[in-house]
Amino acid sequence: MSVTIKDVAKEVGVAPSTVSRTLQDHPSISKETKEKVRRAMDRLGYVPNVAAQNLAKNFANTIGVILPVSDSKERQSNPIYLEMITAMNEEARKQQVTIAIASGTTQAQLLENVELMYRQKRVDGFILLYVKEKDPVLAYLIKTKIPYTVIGSPYDYSNESSCVDNDNNLLGYAACDHLMTKGHESILFVTNNIDENFVYERYSGYEKALRGRGYQVHPLVPLIQSTDYDHFRELVAFVKPTACIAIDDMFALRLMQMVNFLGYQVPDDISVISFNHSIFSSLIHPYLTSLDINTMLLGKTAIEEFLNQLRTPNAVKKRVIIPHTLIEQETVRRIKED
């Protein structure tokens, strides 16, 4: 037979309402009484009925985590999302909540899934793992006043948004500066993603670093369509870069394959540096020099910030910056002293 609130109240010698308020951490109950009640709960093996408590509070006790639209197998298998979800799930467990995933193969399908999850009261709000210009999902969250937190820096509604992010401008600057301290002057910034804000923020940091040294800045180099590869081949032959910055580790592996296909060696002919420091940075030789964006801390902090927004509706919207760390491995060669 399960232990009830009445059993706990009888054990402590208080009213059942006192036990109920203790479960809610109500300020009307003294710290001493709360401690007595909690010790009795542990002693008797009382397990709160979380579902009933959530129903009474009108909470689902679940956070929706929105993945970006997967427009390619490469982006679908990017480990950064799994790492973030793992961190979120661990922090959610500590906070006694759960997470549910919202995904879609198109932006319209993603929006439909998000709307359905919220209408059916399956979630209390959402954490977005992406930033997209003129995003209908973000517009829906704003319009319906649904609690949310963004991992990244939104194009729109930045004042209305709770955000957790790296300083992507600084990341781009740091990657380029590291190459320049190794003697590199001719540097390309290469990406397979031109949709999200962080790409242009990192590229802006790259521009700033090069201009600060008086070196030539090259336009952002996309490698998305087959024609882009032809352009890249011509660009490498004309510019003769000694280094490339890749937008993330997974894409860096493909970039290194492309460089090898063109007859160059990494890092002997062309050095490569990237971002994230995911599992891909140590999958093949040479091991990849990368800037660790601290993915686990990003996910953990996003849960904390979302719950703060949910539990304190008038809380000031914050932008929390997570620091990065340079992980030097084998793909950046020194070509001359700085």
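The values are calculated or read from the model by the stated rules, or taken from the named source; none is laboratory data. From a predicted model like this one, the values you see are computed outputs, not experimental measurements. Note that we place each Cβ from the backbone using ideal geometry, even for glycine, and neighbour counts take in every protein chain shown. Accessible surface is based on the protein model in full, side chains and every heavy atom, while ligands, DNA and RNA are left aside. Shrake-Rupley method; radii C 1.70, N 1.55, O 1.52, S 1.80 Å.
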request  = Would you kindly identify the strands (runs of 3 or more DSSP E) lying entirely within region 220-324 that contain at least 3 residues that are farther than 26 Å from residue 141 by Cβ?
outcome  = 243-246, 271-275, 289-292
query = Looking at (1) crowded, with 17+ Cβ neighbours inside 10 Å; (2) closer than 21 Å to residue 324 by Cα; (3) within 27 Å of the chain's Cα centre (by Cα), can you tell me which one residue 309 breaks?
reply = (2)
task = Name the one entry in 275, 232, 261 that is in the same structural domain as residue 200 (by the TED database) and either open to solvent by 10 Å² or more (accessible area, probe 1.4 Å) or among the basic types (Lys, Arg) (or both).
result = 261
ask   = Any idea which residue in region 113-129 is farthest from residue 103 (Cα to Cα), counting only those that are of a type in the set (A, V, I, L, M) and in contact (Cβ under 8 Å) with a residue 12 or more places away in the chain?
value = 123
task = Considering every residue within region 176-196, establish whether at least one is at pLDDT below 95 and surrounded by 21 or more Cβ atoms within 10 Å (Cβ to Cβ).
result = no
query = Among the residues of region 157-173, is there at least one that is in contact with a strand residue (DSSP E or B) (Cβ under 8 Å, 6 or more places away or on another chain), farther than 20 Å from residue 302 by Cβ and open to solvent by less than 20 Å² (accessible area, probe 1.4 Å)?
reply = yes
note = A careful count of residues in region 112-143 that are farther than 27 Å from residue 300 by Cβ and over 18 Å from the mean Cα position of the chain (by Cα) gives 9
message = Among the numbered criteria (1) in contact with a Ser or Thr (Cβ under 9 Å, 6 or more places away or on another chain); (2) closer than 30 Å to residue 163 by Cα; (3) part of a loop (DSSP other than H, G, I, E, B), which one does residue 332 miss?
response = (2)
request  = Could you identify the single residue in 102, 108, 56, 92 that is of a type outside the set (Phe, Trp, Tyr), at pLDDT 90 or above, exposed (fewer than 14 other Cβ atoms within 10 Å of the Cβ) and not assigned by the TED database to the domain that holds residue 248?
outcome  = 108
request  = May I ask you to list the residues in region 202-229 that are crowded, with 17+ Cβ neighbours inside 10 Å and at pLDDT below 95?
outcome  = 223
query = Of everything in region 130-167 that's at pLDDT 95 or above and among the polar types (S, T, N, Q), which residue is nearest to residue 194 (Cα to Cα)?
reply = 166
ask   = Under the condition of being hydroxyl-bearing (Ser, Thr, Tyr) and assigned to a helix (DSSP H, G or I), which residue from region 111-156 is most open to solvent (accessible area, probe 1.4 Å)?
value = 118
